[in-house]
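Notes to accompany the following structure.
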Amino acid sequence: MRTIVAVSVVLVVLSFALSVLSANVTYDHRAVVIDGKRRVLISGSIHYPRSTPEMWPDLIQKSKDGGLDVIETYVFWNLHEPVQNQYDFEGRKDLVKFVKLVGEAGMYVHLRIGPYVCAEWNYGGFPIWLHFIPGIELRTDNEPFKKEMQKFTAKIVDMMKQEKLYASQGGPIILSQIENEYGNVNSAYGAAVKPYIKWPASMATSLDTGVPWVMCQQSDAPDPVGKILQFQSIAVPLTSLMLTFLNIDTSRGTLQINTCNGFYCDQFTPNSDKKPKMWTENWTGWFLSFGGAVPYRPVEDLAFSVARFFQRGGTFQNYYMYHGGTNFDRSSGGPFIATSYDYDAPIDEYGIVRQRKWGHLKDLHKAIKLCEEALIATDPTSTSLGPNLEAHVYKTGSGACAAFLSNVGTTSDATVNFNGNSYQLPAWSVSILPDCKNVVLNTAKVNSQVMTANYRIQSVDDSVAVQAVQSTWSWINEPVGISNSNAIVKPGLLEQISTTADHSDYLWYSTSIGVQGKAGSPVLHVNSLGHGLHAFINGKLAGSAFGNSGNAKVALEKPITLLPGKNTIDLLSLTVGLQNYGAFYDKTGAGITGPVKLKGTKNGTDIDLSSNSWTYQIGLKGEDLGLSDGSSSQWVSNSALPKNQPLTWYKCAAITTFDAPAGSDPTALDMTGLGKGEAWVNGQSIGRYWPTNIAPQSGCSDSCNFRGPFSSSKCLKNCGKPSQKLYHVPRAWTKPSGNTLVLFEEIGGDPTLISFGTREQGSLCSHVSESHPPPVDMWDSYAKTGIKSGPVLQLECPLPDQTISSINFASFGTPRGACGTYSHGRCSSPRALAIVQKACIGSKSCRIGLSAEKFGDPCKGVAKSLAVEATCA
Ligand code: GAL
């Protein structure tokens, strides 16, 4: 007995000492459990290399302010181990710094190591050198692959452990992921699937992180083996040391949680009732492809999907992406993934909160957290309130009660009876009732303000506007064809990725053909696996062809002119981001694999050049010379600036430099005027540009009906315009003056037409109707006083030192239009403008209740709303 007491005392003392330093993370049927407490966790994806370290603290703070508890990131293997055994964790690759910053902000981290990540990232995150390991097969039961995957995973886990970043060590990492959506493709891998999928599961758990691992979209993720902790029955929080002492092996005991990815995951159930219902990717929009229109997802639908998930038993939800950012360098996957990875995320590519999205989700997170006590205590009970209408109730023994009422119908609003009260439920919406009585939020009723953005455009060479524009540019012509003495000669056509090892987007294929007698005019026919090619005959561009994101393959057919004697055929094949998704995606290949033919030569026959002797050059001469940093002595500016000429390097310089726009607003280069290529600012690649790749003319809608299931092609904008004309230039990469901009223009363009766009905030607007619930943050005062407020319109200037300087529009009645285009409707109160001006001007923020007493009733019996547009200064 004495021993038991002594052991218990030691355990309790140890528990207190260690609980200060470390958190014990596990899970049960309802939730992720941190230090013995089930948690409702709201998470968001921010990929560290898609912004700069200078942006990280602000992005993390904005995530926290938006109501997130967790930041999720992938780990990008090819970024950290570009050459086998040579690691890089500097600058944008400083994973440890990123994780620490999240921890310092008081948030948790979900580290999705993968190391296959998909993510619209080059080659899905795999280093290209894997491809060259003899006998390797990726993502299957293959020893050489497993050896490398284990080595990298262990390396990352060790790094995190050394820095004490796991929650079990007092750090912020509460979850890790191994593999990524293998379940979506594994049927293609045949018999090797079963042994393979067990392997990462046990390999990962053997690394003893002390926190749970997840496998997303893996319905056969292995079940826990060994001892499983039933946390419901544990009263005292247990630390890792105590668990070791008690011989309870948490890391091995907490094997893989299978989680859901998708636009909706409310119907998902994990593969064991010992695992919580978790959603690792709720796509907040979709990614942009060169040649595609810009996808967006209405916040009413996104909020609906989240509320449905929590309504139906979910307790962990992650936005993919919360900040999408930018695919700098050649990091975008593909093929044809654009440089912007904005994703219509709640924080936009430039790091600015995207309103109304960010604000409405913030309100939603508050509403869900008001239900936390009831949510974690029990499973919901559901009742039908009619066709498409459902109520889910979470009720605890101690009297806490939260309810979610939903209308999943896509056309009709409904009025439902619940607990003796009547509630109006718009189509495709969820109402949240933290006390089972009062609605704190309806997902289709947005209280959040909206902020428009303006662009101030400035020519890149404005700083020297008085000088002749041409004097600010210098250039170097990239030679057509083989210019490198290391070129290789081979019979037949080579696959591109195996040849270049992705050291460059470009591979030259050169051959020649002799013509005897009269010149002919055959058709040049070239087949390529992708992604694009330019054909030069005797040094002149004869034609170009590109694949697209739906079909990367290229078939060029071009009439050409051959001269008597020797004719050179130089084919420049190029990739636009390597494939990142699909079974065996790594084997897709690229480049000119043939046939290459001359059709209809003068004697009427086709000549197949495919098995000719071809000379190959990997990459461009300018890449070898390191032109991208601008320091070469070979730049020339002593004759007319070449325009619309393919294969030209340009350097922008008012003699040697240009000035960046003043201030701290984010900057972007408007590349209109150029064709396709890559751009560098002070030696840093801002990514591939391609403003001449235009989105289809049709398929877009300015306002997309949020009601009904969303898909990646449902809501598109920007039809008929360049898929991407603005390219983010992070502030941290520019200096006030003395910057160097280098461009490699592949197709031909006029660099003097490009300009700097500085993003500045536009107007601040809000539009609230009489049927909106009061703002979520008024719940506390209601809970204390029992006094209910009606709907309230709120405005707040986004920057700390700003106040509302003018009211550009105010209407109480039936106003129409959107922010920037509001107009009065059939009825409007004459008092509205004066009331709003009085309440708001000179203040940082203001709130105006929507009461008919205040505004007068301009049209009795008609549903009214208040719309306001203001300016902050
Ligand atoms: C998922 C994948 C992510 C990302 C997403 C689309 O299937 O896991 O990495 O590619 O699709 O943006």
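Beta carbons closer than 6 Å, at least 6 apart along the sequence or on distinct chains, pair a first residue in the range 164-186 that is on the phi > 0 side of the Ramachandran plot with a second that is among the hydrophobic types (A, V, I, L, M, F, W, C) and within 16 Å of the ligand (Cβ to nearest atom) for 179/215; 181/216.
How many of the residues in the range 563-587 are under 26 Å from residue 676 (Cβ atoms) and within 16 Å of the ligand (Cβ to nearest atom)? Total satisfying the criteria: 8.
Checked against (1) of a type outside the set (Asp, Glu); (2) modelled with pLDDT of 95 or more; (3) under 31 Å from the mean Cα position of the chain (by Cα), residue 740 passes all but a single condition, namely (2).
Within the range 96-137, track down each residue that is more than 16 Å from the ligand (Cβ to nearest atom) and closer than 30 Å to residue 498 by Cβ. Step through it out loud before you land on a result.
Within the range 96-137, the first condition is being more than 16 Å from the ligand (Cβ to nearest atom), and the residues that meet it are 96-109, 127-137.
Residues satisfying the conditions are 127, 128, 129, 130, 131, 132, 133, 134, 135, 136, 137.
The combined condition, being of a type in the set (Gly, Ala, Ser) and more than 15 Å from residue 599 (Cα to Cα), is not fulfilled by residue 520.
This table checks each residue for (1) at pLDDT below 95; (2) assigned to a helix (DSSP H, G or I); (3) farther than 16 Å from residue 735 by Cβ; (4) not β-branched (Val, Ile, Thr).
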site	(1), (2), (3), (4)
623	no, yes, yes, yes
631	yes, no, no, yes
640	yes, no, yes, yes
645	no, no, yes, yes
649	no, no, yes, yes
663	yes, no, no, yes
669	yes, no, no, yes
678	no, no, yes, yes
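I'd like to check something: does the range 426-434 contain any residue that is touching a strand residue (DSSP E or B) at 6+ places or on another chain (Cβ under 6 Å), over 30 Å from residue 37 (Cβ atoms) and among the polar types (S, T, N, Q)? Within the range 426-434, one or more residues are touching a strand residue (DSSP E or B) at 6+ places or on another chain (Cβ under 6 Å), over 30 Å from residue 37 (Cβ atoms) and among the polar types (S, T, N, Q). When you look at residue 402, is it more than 26 Å from residue 119 (Cβ to Cβ) and at pLDDT 95 or above, yes or no? Yes, satisfied. Got at least one residue in the range 327-340 being assigned to a strand (DSSP E or B), among the β-branched types (Val, Ile, Thr) and either out of contact with any strand residue (DSSP E or B) (no Cβ under 8 Å at 6 or more places or on another chain) or within 16 Å of the ligand (Cβ to nearest atom) (or both)? Looking through the range 327-340, at least one residue is assigned to a strand (DSSP E or B), among the β-branched types (Val, Ile, Thr) and either out of contact with any strand residue (DSSP E or B) (no Cβ under 8 Å at 6 or more places or on another chain) or within 16 Å of the ligand (Cβ to nearest atom) (or both).
What number of residues within the range 260-296 are assigned to a loop (DSSP other than H, G, I, E, B) and within 12 Å of the ligand (Cβ to nearest atom)?
Let us first name the residues in the range 260-296 that are assigned to a loop (DSSP other than H, G, I, E, B), namely 263-277, 284-288, 290-293, 296.
Restricting the remaining residues to those that are within 12 Å of the ligand (Cβ to nearest atom) gives 263, 284-288.
Within the range 260-296, residues that are assigned to a loop (DSSP other than H, G, I, E, B) and within 12 Å of the ligand (Cβ to nearest atom) number 6.
Restricting the range 125-149 to residues that are over 21 Å from residue 206 (Cβ atoms) and assigned to a helix (DSSP H, G or I) leaves a set whose member that is nearest to the chain's Cα centre (by Cα) is 125. Does residue 140 qualify as being among the polar types (S, T, N, Q) and either in contact with a strand residue (DSSP E or B) (Cβ under 9 Å, 6 or more places away or on another chain) or within 16 Å of the ligand (Cβ to nearest atom) (or both)? Against the criterion (among the polar types (S, T, N, Q) and either in contact with a strand residue (DSSP E or B) (Cβ under 9 Å, 6 or more places away or on another chain) or within 16 Å of the ligand (Cβ to nearest atom) (or both)), residue 140 does not qualify.
With respect to the conditions (1) part of a loop (DSSP other than H, G, I, E, B); (2) within 25 Å of the chain's Cα centre (by Cα); (3) surrounded by fewer than 19 Cβ atoms within 10 Å (Cβ to Cβ), residue 732 lacks only one, and its number is (1).
The requirement of being within 14 Å of the ligand (Cβ to nearest atom), more than 24 Å from residue 780 (Cα to Cα) and either buried (at least 24 other Cβ atoms within 10 Å of the Cβ) or not polar (S, T, N, Q) (or both) is fulfilled nowhere in the range 346-368; no residue meets it.
The rows are residues; the columns are (1) touching a helix residue (DSSP H, G or I) at 6+ places or on another chain (Cβ under 6 Å); (2) surrounded by fewer than 16 Cβ atoms within 10 Å (Cβ to Cβ).
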| site | (1), (2) |
| --- | --- |
| 161 | no, no |
| 165 | yes, no |
| 168 | yes, no |
| 174 | yes, no |
| 179 | yes, no |
| 187 | no, yes |
| 190 | no, yes |
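Condition check: more than 23 Å from residue 290 (Cα to Cα) and either out of contact with any Ser or Thr (no Cβ under 7 Å at 6 or more places or on another chain) or surrounded by fewer than 21 Cβ atoms within 10 Å (Cβ to Cβ) (or both). Does residue 498 satisfy that? It would help to see each step written out before you state the result.
Values: more than 23 Å from residue 290 (Cα to Cα): yes; either out of contact with any Ser or Thr (no Cβ under 7 Å at 6 or more places or on another chain) or surrounded by fewer than 21 Cβ atoms within 10 Å (Cβ to Cβ) (or both): yes.
Against the criterion (more than 23 Å from residue 290 (Cα to Cα) and either out of contact with any Ser or Thr (no Cβ under 7 Å at 6 or more places or on another chain) or surrounded by fewer than 21 Cβ atoms within 10 Å (Cβ to Cβ) (or both)), residue 498 qualifies.
So is residue 571 under 27 Å from residue 338 (Cα atoms) and not polar (S, T, N, Q) or not? Walk me through it before giving the result.
On the way: under 27 Å from residue 338 (Cα atoms): yes; not polar (S, T, N, Q): yes.
Against the criterion (under 27 Å from residue 338 (Cα atoms) and not polar (S, T, N, Q)), residue 571 qualifies.
Pairs are defined by a Cβ separation below 6 Å, a sequence spacing of at least 6 or placement on different chains, a first member in the range 310-334 that is over 15 Å from residue 364 (Cβ atoms) and at pLDDT below 95, and a second member that is away from the ligand (no atom under 15 Å from the Cβ) and not in a strand (DSSP E or B); the pairs so defined are 334/576. With respect to residue 209, determine if the residue is more than 26 Å from the chain's Cα centre (by Cα), under 12 Å from residue 113 (Cβ atoms) and either part of a helix (DSSP H, G or I) or not assigned by TED's automatic domain parsing to the domain that holds residue 501 (or both). Yes.
If you go through the range 201-214 and keep only what is modelled with pLDDT under 90 and among the aliphatic types (A, V, I, L, M), you end up with just 201. Counting only strands (runs of 3 or more DSSP E) that fall entirely inside the range 498-592 and contain at least 3 residues that are aromatic (Phe, Trp, Tyr), the qualifying elements are 506-515. Kindly provide the set of residues from the range 798-816 that are free of Cβ contacts under 8 Å to residues at least 12 places away in the same chain and either on the phi > 0 side of the Ramachandran plot or in a strand (DSSP E or B) (or both), ordered by number. Within the range 798-816, 816 is the sole residue that qualifies. Evaluate the following for residue 198: is it touching a residue at least 24 places away in the same chain (Cβ under 8 Å) and not β-branched (Val, Ile, Thr)? When the stated conditions are applied, residue 198 passes them.
The values are calculated or read from the model by the stated rules, or taken from the named source; none is laboratory data. Just so we're clear, the structure is a prediction, and the values are computed from it rather than from any experiment. Methodologically, a virtual Cβ is constructed for each residue, glycine included, from the backbone with ideal geometry; neighbour enumeration extends over all protein chains shown.
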